[in-house]
Amino acid sequence: MNMETTFLTEDQIWGDKALQVIKSYGTKTGMSDLAIALGGYMGSNTTSDGQRAGSVWSASSGGFGHVRAVHFDGGRSDYEPLGRLVGARPALPSSVASSIKPSEARLTKKIGDVQVVEYGEYPQTIAAEGVNRELEQAFSRGQLQTTGKKYTFDGEKYDAYDKPFKAKEYAEYQHSGKRYIRVEAQPRDSDSVPSNGKTPQQGEACWIEVQPIEWLKDPSGVMVARQALFSGVQFDRKKSYDGNFENTDMKQYLQNHFAKEMLAGRNVGTPAALGPSTAAVTARRDTQRQRALDDPSQGL
């Protein structure tokens, strides 16, 4: 399935024409721990459901060649398209969301009057300190098994403005019934605080757990990710943005990498002798989802 993913436009975020789901939830947007580790620009503000907020791209132009973005305080902000420090909050158009099979998505809870739907999966939450240490030790000894799935991000540094997107793949590993990727942290500043409350050091190994993605569902059918899922990806190699999102490098990234990788877990290729059965994978995911529902503080 070639799924179209995009960003919300300025009109969908602010003003009278804003999506009802944004009016209800608010414009301030949380950052996943992955987005923080990849250098997402954070502040001290919090969202309506208590997440630390960060700055995230929209699909609109802010004028003068800049990209309109949602500042971490929820207001309008503008950034150059060459930048990589702004977070990415993917959205699914209503035409795409309506084609999702009921068996592939489920309503899990409400935040106020906003419906939250689980669909797909992505690395999101940093492992607890003890688990992180255990994973790093096993990794250094070559004892971790890969699942065959990989996630792709931008391999250039956030300030490499003259260098276009460079794909860098991150393998997914299995450990104690869960799946993780290993990211070397690139914290932006002292506000880069993930959910464990500890700002990672530059280059520190962070193990990020793969979990179901939560989407906020608008009455129009549009679904938008509850939080920014990644950062560190250049919006476009051109110095000036004209507002045509379809022509940007970010749109190509969403289609060529994000849209495929958020779904690929259903067909992960693992060694036949060691890989878990389909039933085991399904049971594990159900356990993860139930754990997150029982304890919302763990996120999804």
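The values are calculated or read from the model by the stated rules, or taken from the named source; none is laboratory data. Predicted, not measured: the structure shown is a model, and the values here were computed from it. Virtual Cβ from ideal backbone geometry, glycine too; neighbours counted across all protein chains shown. What goes into the accessible areas is simple: the full protein's heavy atoms, side chains included, and nothing from ligands, DNA or RNA. Shrake-Rupley method; radii C 1.70, N 1.55, O 1.52, S 1.80 Å.
If I build a Gaussian network model for the chain, linking alpha-carbon pairs within less than 10 angstrom, which residue out of Ser60, Ser44, Ser77 has the largest mean-square fluctuation?
Top of the fluctuation ranking is Ser44.
Read phi for every residue in segment 150-167 and hand back ³J(HN,Hα) as whole Hz from Karplus 6.51 cos²θ - 1.76 cosθ + 1.60, θ = phi - 60°, with x for Gly and Pro.
9, 10, 10, 9, 7, x, 8, 6, 4, 9, 7, 4, 8, 10, x, 3, 10, 5
With a 1.4 Å probe and all protein chains left in place, how much of the accessible area of segment 28-173 comes from carbon and sulfur atoms, in whole percent?
47
Percent antiparallel among DSSP beta bridges with both residues in segment 11-104, to the nearest 5?
Here the share of antiparallel DSSP bridges comes out near 90 percent.
Over the heavy atoms of His71, what accessible area does a 1.4 Å probe trace out, to the nearest 10 Å²?
Its accessible surface works out to 40 Å², give or take rounding.
Relative to the longest principal Cα axis of the chain, at what angle does helix 278-294 sit, 0 to 90 degrees, rounded to 10?
The helix 278-294 is inclined about 60 degrees to the chain.
Calculate the tail of P(r) for segment 42-100: the fraction of all Cα-Cα distances greater than 13 Å, expressed in %.
Percentage above 13 Å: 65.
Treating the angle as unsigned and between 0 and 90°, give the value, to the nearest 10°, between the Cα long axis of helix 129-140 and the longest Cα principal axis of the chain.
Computed tilt is about 70 degrees.
First measure r as the distance between the Cβ atoms of Ala128 and Arg237, then evaluate 1/(1 + (r/R0)^6) with R0 = 41 Å and state the FRET efficiency to the nearest 0.05.
After rounding to 0.05, the efficiency reads 0.60.
For Lys110, go through the lysines and keep the ones whose alpha-carbon is under 21 Å away, minus same-chain ones fewer than eight residues off.
Correct list for Lys110: Lys23, Lys28, Lys101, Lys217.
How large is ³J(HN,Hα), in whole Hz, for each residue of segment 208-215 in order, when computed from phi with the Karplus curve 6.51 cos²θ - 1.76 cosθ + 1.60 and θ = phi - 60°, using x for Gly and Pro?
10, 7, 7, 9, x, 7, 9, 10
Can you tell me the alpha carbon radius of gyration of segment 128-201 divided by the globular rule-of-thumb value 2.2 N^0.38 Å?
1.28
Points 7 angstrom from Cα along the Cβ direction at Gln202 and Leu107: gap in nanometres?
Between Gln202 and Leu107, the label points sit 4.9 nm apart.
Hey, can you grab everything whose amide H is under 5 Å from the amide H of Glu184? Only 5+ residues off in sequence or another chain; H modelled, so Pro and N-termini drop out.
Residues meeting the amide H criterion: Cys206.
Considering only Met42, Met262, Gly75, whose Cα is most displaced toward the positive end of the charge dipole of the chain, charges sitting on Cβ of Lys, Arg (+1) and Asp, Glu (-1)?
About the Cα centre, the residue reaching furthest to the positive side is Met262.
How big is the Kirkwood radius of segment 9-66, worked out from every pair of different alpha carbons and given in Å to one decimal?
When all Cα pairs of segment 9-66 are included, the Kirkwood radius is 12.5 Å.
Would you kindly state the longest site-free stretch of the chain, with sites defined as trypsin sites (Lys or Arg not before Pro) in a DSSP loop (not H, G, I, E, B) surrounded by at most 13 other Cβ atoms within 10 Å?
It runs 18-140.
How much accessible surface area, in Å² rounded to 10, belongs to the heavy atoms of Ile36 with a 1.4 Å probe?
10
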